[in-house]
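Accompanying notes for the structure given below.
The values are calculated or read from the model by the stated rules, or taken from the named source; none is laboratory data. Predicted, not measured: the structure shown is a model, and the values here were computed from it. Reconstructed Cβ throughout: ideal geometry from the backbone, glycine too, with neighbour counts over all protein chains shown. Heavy atoms of the whole protein, side chains included, go into the accessibility calculation; ligands, DNA and RNA do not. Shrake-Rupley method; radii C 1.70, N 1.55, O 1.52, S 1.80 Å.
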Amino acid sequence: MKKLGFLCLMLLLCTGFIWNKQEASAAPKTKLKQTESTIFVNEKYTIPLTGRLKKATYVFTSNKTKIAKVNSKGIITGINNGTASIKIRYKYKGDFYSVGTFKVTIHKSSLNTKYKSLDMLTGDKLEPASYLDGINPKASYIITSSASSVAKGGSNGVIMATKAGRTSISIHEVYNNRSRTIGSIALSVTGASFKHNEIKMAYNSNINFTDLLDDMDSGSRYTFTSGNTSLVTASTSRISTTSRGKGIQTCQVTVDETMSNKTKHTIGSFTVNVTDETFISFLNKDVVIGFGEIITVGNSGIVIQNKVAGAQYKLTPRDATVLKTEEIKNRSTNLEAIGYGITPVTIEEVRGSKTRTLEDTVDVTVSQAYILKDLADNGLTLSVGNSQFNRYPFECRNLKAVYDYTSADSKICNVGSAGMNKDQDYLVINAKKAGTTEISVYETMNATRARKKIGSFDVVVHEAGYNPNYTPAPGTSGTPRPGTSYTPAPGTSYTPAPPRPTSNPGGPDISLEEFLDNPVASNIISSIRLEHNGKTYYGYASDSGLECLFGDDDNLSDYIDYGTDFDNISLDEFTITLANSGYELISVESYGGTEWSLGIQLNDEDNTVEEVPVYLNAAEFNTNSILSDVTVKVGGATRHIPSSPYPATSSLNEDEDNQFEEDNKEFKAYFTPREFAKAGSDEYFDLLYPDAEDYPEDPKTLSDLTNVSCSYTESGGNTAVRSISQPVTDDNYYWTFEVEFEDGTTEEFSVSIEVDDEGY
């Protein structure tokens, strides 16, 4: 009987064991659909699982979080180039199961090393597929240019060369709403370019090529091709419109440049709008005149195309201190230049009782006289026996003054003035023998008899029989006026940089004789400084030329803070101390905010006035001038990303992404797996407790925690900073904040929280 009972018990136990084994084998299992994949940096990829259980808790762990990180939902984010393994486990009804390991390879697009520097021709385009390695076809590529007039970014990363010059091109990749900097290209552009991308022309009119293109080369050939030859035709030197037409008709004109080395390229296309409406030609929207000159509507003043028969035109200057209005009955308005400066002029068309204001305005500049650019740059070449110059060697004659000339060596040539009328004072040169000398030009005001030197130029005299180079007459294409393409605006790539100073000069009471012996800025100006936004910047009076600098490579002066709105700098923010109490500062003018001009009267017997340009150079972007510390906290653990010392103490490894170094805007704060765990995150439970049998029932990640934070401390070193937003995040791993500057530009900073799993 006992044996029978024992056998029954054993039978029941075996039956239970078999049943439990069958039940265990019947439990659902989660498996990987595939075991590996390839994604790009900032791409998100969900690990593909089959048989995922609703009541199970899944844990995903990356072995290389600097390459790929994964969240509690199994979503992988690509971080950097390389390969990582993701271990997958889950807990179901108290038991732990291993799903396996998923291998992910991250690709990172980068700048091809051949494109660190690059030469392009105007009109050329460069696609991202050319200058990038490992391009992400799903990403957007954004181009920023330090000189957008030279080159700019087109749609999706295309670099377009538009004008001769140099610029720095920065490439940014935007993918899944995240931006990263890929690199920069030092770009040099050569070739002619368009002055205007769109122009108006009247019917039965023509325009020379030289008025349409900038940076033309005498050794190059230019071909204009009209998209509608019945409307616009092209010859070897100009484009012309059809003689008759109604309304506005439009046509595209394409321009090719064949350079002296036979290289041919297409500059691009511009739009011609042919119209019978009244308008101001683009050639006439900027007019430069001298003091006392009268300007009105007409061929020698403001040129109006398609004038209405019987209409009169009224000119109204915005600044009445520059131009004085004189209305004459039955005639257009006269404007007299009564002060130096620039003012827009509006134009009203009056016909009977009807008056309308033209859409176009004209900017009129009243300029002080200046030496013709060709003479100033190249001088004048004559030969004995071919002596007379017999015209003005300067532009913008002051009609309230007379001009005289002196030769530094009268044995080589002597000079005088003459003209057909008594008020004419043309320069006349008598070349006497071979040699080189300098001719100075002086202006004397009729009313005050104040005399000043407006400039000088060199004269080279050759022996008789020498055929001198032709010097273009004033007003021709060879003698550019201020504001045209031949006299670039200050700060463009064609404006020569001011000479760099070699020492820090200065010293009070420099005599007039010392200055005349050595005409440099340091002998006129003892010191110059600028106070803007409550910050003082010290400038440098050059000891090698007549200029003052703010910002130079020799650290002799201060750069102006990055992001400064130069147009908001005012005259009263400058403090200028002259080197001699007898000198007098009589004028300070601004040209675009970054360049100013000081007029200093020396009060000598000739009442000499020296013009001294002042250049304001902007500092490069530097994180140190904006932030002094970024603080990241995960639970009780804190990491600082300070401006110094280097490397930053936020990293347990020496990672350059943690340094406030120059233009770095992307930082990383590293925490150990144990610090993650102390804060309440279970992401690295497997690493810390590889032999544990009980995995947390409700595992948490940083995204689930409320004790994770990111903050910053301002350094106050950049006074052009207008505001800094608070750091924001949507997952507690990646934080961003934005800095806004005085000039309206912004820079975005990012901070990511990473794990340092080496030696945890």
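Miscellaneous remarks
- Given their separation in residues at 0.36 nm each and the Cα-Cα distance between them, ARG529 and GLN388 gain 46.0 nm when the chain is fully extended.
- Computed over neighbours whose Cβ is under 11 Å from that of ILE159, the net charge equals 0, Lys and Arg +1, Asp and Glu -1.
- Listed pairs LYS116/LYS195; LYS314/LYS453; LYS91/LYS678 exceeding 25 Å between Cα atoms: LYS116/LYS195; LYS314/LYS453
- ASP360, ASP743, ranked by accessible area, largest first (probe 1.4 Å): ASP743, ASP360
- The HN-Hα couplings worked out from phi for the stretch 361-366 by the Karplus form 6.51 cos²θ - 1.76 cosθ + 1.60 (θ = phi - 60°) are 10, 10, 8, 9, 10, 9 Hz, whole numbers, x standing for Gly and Pro.
- Vicinal HN-Hα couplings computed from phi for the stretch 669-679 (Karplus, 6.51 cos²θ - 1.76 cosθ + 1.60; Hz; Gly/Pro x): 10, 9, 10, 7, x, 5, 6, 4, 5, 5, 6
- Taking all protein chains as shown and a probe of 1.4 angstrom, HIS172 keeps an accessible surface of around 40 Å².
- Ligands, DNA and RNA left out, the 1.4 Å accessible surface of the stretch 400-462 is 49% carbon and sulfur atoms.
- Of the trypsin sites (Lys or Arg not before Pro) in the stretch 102-141, the ones in a loop by DSSP (not H, G, I, E or B) with at most 15 other beta carbons within 10 Å are LYS116, LYS138.
- Proximal lysines relative to LYS114, as straight alpha-carbon distance under 22 Å, when same-chain residues fewer than 8 apart are discounted: LYS125, LYS152
- Cα gyration tensor shape for the stretch 95-220, rounded if a/c is under 1.5, else prolate or oblate: prolate
- The stretch 33-89 and the stretch 105-150: distance between their alpha carbon centers, rounded to Å: 30
- Of THR719, THR38, the order by accessible heavy-atom surface (1.4 Å probe, DNA, RNA and ligands excluded), from most exposed downward, is THR38, THR719.
- Nearby aspartates and glutamates by direct alpha-carbon distance to LYS324 (threshold 12 angstrom, same-chain neighbours under 8 apart not counted): GLU293, GLU336
- Taking 0.36 nm per residue of separation and subtracting the Cα-Cα distance, full extension of the segment from ALA447 to VAL308 would add 45.9 nm.
- Per residue accessible area of the stretch 362-418, 1.4 Å probe, in Å²: 40
- Residues of the stretch 144-259: accessible area per residue with a 1.4 Å probe, Å²: 47
- Here the stretch 164-219 is assigned +1 on the Cβ of each Lys and Arg and -1 on the Cβ of each Asp and Glu. Its dipole about the Cα centre then comes out at about 320 debye.
- The accessible surface of the stretch 700-760, taken with every protein chain in place and a 1.4 Å probe, is 41 percent carbon and sulfur.
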